[in-house]
1. Of the numbered conditions (1) touching a strand residue (DSSP E or B) at 6+ places or on another chain (Cβ under 9 Å); (2) in a loop (DSSP other than H, G, I, E, B), B:GLY361 satisfies every one except a single condition; which is it?
2. State all residues of segment A:379-417 that are under 11 Å from A:PHE155 (Cβ atoms) and touching a strand residue (DSSP E or B) at 6+ places or on another chain (Cβ under 9 Å); if no residue qualifies, say none.
3. Determine which member of the set A:LEU348, A:LEU344 is among the hydrophobic types (A, V, I, L, M, F, W, C), free of Cβ contacts under 8 Å to residues at least 12 places away in the same chain and within 23 Å of B:ASN355 (Cα to Cα).
4. Restricting attention to segment B:292-312, which residues are more than 29 Å from the chain's Cα centre (by Cα) and within 13 Å of another protein chain (Cβ to nearest Cβ)?
5. State the number of residues belonging to segment B:86-117 that are aromatic (Phe, Trp, Tyr) and at the interface with chain A (Cβ under 7 Å from one of its Cβ atoms).
6. Looking at (1) within 10 Å of another protein chain (Cβ to nearest Cβ); (2) at pLDDT 95 or above, which is the one condition that is false for B:ALA289?
7. Do we have any residue at all in segment A:458-478 that's part of a helix (DSSP H, G or I), surrounded by fewer than 16 Cβ atoms within 10 Å (Cβ to Cβ) and not aliphatic (A, V, I, L, M)?
8. Which condition number does B:LYS255 fail, the rest of (1) exposed (fewer than 15 other Cβ atoms within 10 Å of the Cβ); (2) more than 10 Å from every other protein chain (Cβ to nearest Cβ); (3) more than 30 Å from A:SER206 (Cα to Cα) being met?
Amino acid sequence: MTTHVPQGADHLRSDDTGPERPVSQTDQSSPDAKFPGALVWADERVGAAKGLRFALKKVFPDHWSFLLGEIAMYSMIIALITGTFLTLWFVPSMGHVTYDGAYVPLKGVGMSEAYASTLDISFEVKGGLLIRQLHHWSALFFIVGIALHAARVFFTGAFRKPREINWVIGVVLSLLAAIEGFAGYSLPDDLLSGTGIRAMNGFMMSAPVIGTWMTFFVFGGEFPGESIIPRLYIAHVLLLPAIIVGLFVLHLALVVIHKHTQYPGPGRTNDNVVGFPIMPVYAAKAGGFFFVVFGITALVSALVQINGVWVYGPYDPTQVTAGSQPDFYMWFSDGALRLLPGWLEFTLFDTVWSFNIFLGSLVLLPLVWMVLGAYPFIEAWITGDKREHHILQRPRNAPTRTAIGLAAISMYLVLALACVNDILAIKLGLSINDLTILFRTLFFVLPVLVFFMAKRVCLSLQRHDRERVLHGNETGRIVRTPEGRFFESHEPLDEYERWALVDYETPTPTGLTQGPEVDRRGVARRRSPLSGLRDRLSSFFYTDTVSAVTPAELAAAHHHGEHDALEEASSPQLGVPVNDSIGDDDFSDPHGSAVHAPPRHH
Amino acid sequence: MTTPHHDDSNAPATRGDATPAVTERFENPGMPPHVPRRADEDPRAARRAEFQVVALFTISALASIGFVVAYYAIDRDLKGYLLGIGEVNLFHVALGVTMGLSLLCIGLGAIHWAKTLMPDEEVVEERHPQSSGEDDRQAVGQTLSHGWRSSQLNRRAALLGSAGGALGLFALPLVLPVVAGLGPRPRQELYTTHWEEGTLLRIDPSGAAIRAADVTQGSVFHVMPDGWVGHEAIEEHGAEEAMISKAKDQIILVKLDPATIRSQKQREWGYEGIVAYSKVCTHVGCPVALYEQQTHHLLCPCHQSTFDMTDDCKVIFGPAKRALPQLPITVDAEGYIVAAGGFREPVGPSFWERNRPGLLGDDQS
């Protein structure tokens, strides 16, 4: 199959006699279409040409939302590079020193070597502060990128078969990234991060049975001890990065194996990938984006200060500042600790169960991440969908999933805002007690509200899409007929625009796809114990969806000029197309802007 | 070009007229016609795009050189004022801005180049089902089965059992030294502090002892035990022990109006309205540092646990469960405040064995 190889602006060069006709990919008539001599050496030893042939013609679809994962990836690389620089000067020791360096306000103050070396990097090493800032900012962008990328994957259904494994890997990567960040900002042993380590010690202790043993093993004895910083250091520079890089390579390898997903559009099917090849367009765009991310991170690092540890002072267990928060990605966990009430701690046979702490910390993170990781399998079980999916879903076309996702995000946001309850109280002049009680209530109430509202918005958007397909785009041109009627003319969609709006499915709930309960010989259908639950959940998932316009409906809309029967359905039912309200089906004819007469109503 | 794909195998062919055929679903119309860019058709536009890309790369090169110049030429402590930000270290800002521009402009140049001059016609790559064919699966199945049988594992149970046993156990010599070497195991440290009967209370970090007669109503002191205050503690006991002491020995000393104290035990353990409580929050261990004199509330800034100082520091709001432990105090012969005994309960966050010290070993080794 020949594919036209576009030559771009080549043919504009005056000295070029470039091809005037489409060329096949194997027929490169450009004069330098020879395998480079330098690579022949490599090819004779490792078969490089085979790999390059496979890789260089890979096609990547183009959409801005696919850049979010790239932001995460490039930020991780920046963090690795800058982190390596920092290890040349950072001393991961809690040994005591008296500061005698360039930062005068701390002269003569006792501190750990870790803190002192951080001050040296900031004030003695030329450009050291810039590297520290780059490292911290890139870590923050890393986690923001992960969150946005995960949201994009979730809301477009990109985690469906065959990509469930990659979703699980991604979920694990996001958890490791958060832990890596926590370990990293705790290394300078300053007052703010040290307070966080104190809280970590406290919530580790709350674990039933093993709590005290766990804290003594991790801290090497009582808090604070002298082991925690060196141990966090090796976790942060060796153990976690090794696992993260390994999993990430696997994450990318799976994208190569599966090929990237693509949004619905003309020419895009479940059996192809439409986009740009690596050589040269995608390499330039993706490679260029690395420099854009790095450059913006550097500009932010130059102008916006982050983690100015010299202002906090060294960690001292007798000191704390009001308005202390962890880095933003840990807000939801610290917020949970602020909201969980004390009466959740109880004593049973003289043993203490601190569920107020245990649930908000040691249980919350694994629980959230397990639910996230399991979601593709849960959804596949509920919907009974076993096919491969390579076309993404627009979020509005999966209303229940979108609503569930937004409700979950609202719960996360309530917990995260609860972590800044003291700042909110100060800035907004509110009672912190009232805010805390408000957040406790919102944690349960808000997700329900958000679910309901999000689902209705999705359904409205779907109905709006149907309107556009059936009746065309509003043009804003008002036409007056000789009889004195006014109506707005609509411009019908061309087939390309229309395709993106109709290329989605409305699956049937599992309860309706199986055969009769009892067959004609009187044998009942074999049901697994959970199938009733599954049918109900599946029906919940697919109730209230709006199905795509079919050609028959479009034909009816075209020809219904004389009818008077179309009425707005009050609540859309499954499988029944939601029809539009009475009125304006004025079409420009395909070639111009003339309009037809409006329908007459009896 | 790709042929349009459709889901229905039995859909009738599209008729030639303007109205769409009545198939069950719409068919994929195929790739839309390509719209050429300005630079594809107008040589002046193409030259302009090339100039823009060259300009961006040039800015990047200049910025890289600018970084080197700034690194050596600008004084490390030079300060300046930037509109919208305030006072900044100009050396840092210069390094960062030049580095940022040098990187950013390469990226912008490459992307602009791709978008204006490189081909923008989309290309199609075919997908194949992820599943391998039946013959691949069968071949693997046969290889695995052959391996199983030819290794004779299916016939020799002792072989299988002993291999499994050995493989299951070999990790022990690697894991045990790490797990057993971590430690020490928790013993009575969680139940003891450096406070005992007669220990003098000292203000931290100045080290001054406190005369009960000089304590005015409403005053607050941050207190550590005698011998564990300030630099001397580090010199005498070492930094690690001094920090551990800070984490569990810290006390807040407050003088209240005795009439406002509602708890009899609180009154008895105090001295003329002066009361001493552990400053380590019973939630997760932050110092409970915010004393609200008017309301007599003690607020922990970390998670806002609030303790009522007139009611034996019971929790009145927030996630903590237990009241702060009280240190019984009295005065010595010269009128200085001393501890009347140690704490009667463990200080700090709750833990599993809190009410059963016997669960943790009791020899201090």
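The values are calculated or read from the model by the stated rules, or taken from the named source; none is laboratory data. The model shown is predicted, which means the values in this text are computed figures rather than measured ones. Neighbour counts run over all protein chains shown; Cβ positions are idealised from the backbone, glycine included.
1. (1)
2. A:LEU392
3. Just one listed residue meets the conditions, A:LEU348.
4. B:GLU292, B:THR295, B:HIS297
5. 1
6. Exception for B:ALA289: condition (2).
7. Looking through segment A:458-478, at least one residue is part of a helix (DSSP H, G or I), surrounded by fewer than 16 Cβ atoms within 10 Å (Cβ to Cβ) and not aliphatic (A, V, I, L, M).
8. Tallying (1) exposed (fewer than 15 other Cβ atoms within 10 Å of the Cβ); (2) more than 10 Å from every other protein chain (Cβ to nearest Cβ); (3) more than 30 Å from A:SER206 (Cα to Cα), B:LYS255 fails exactly one: (1).
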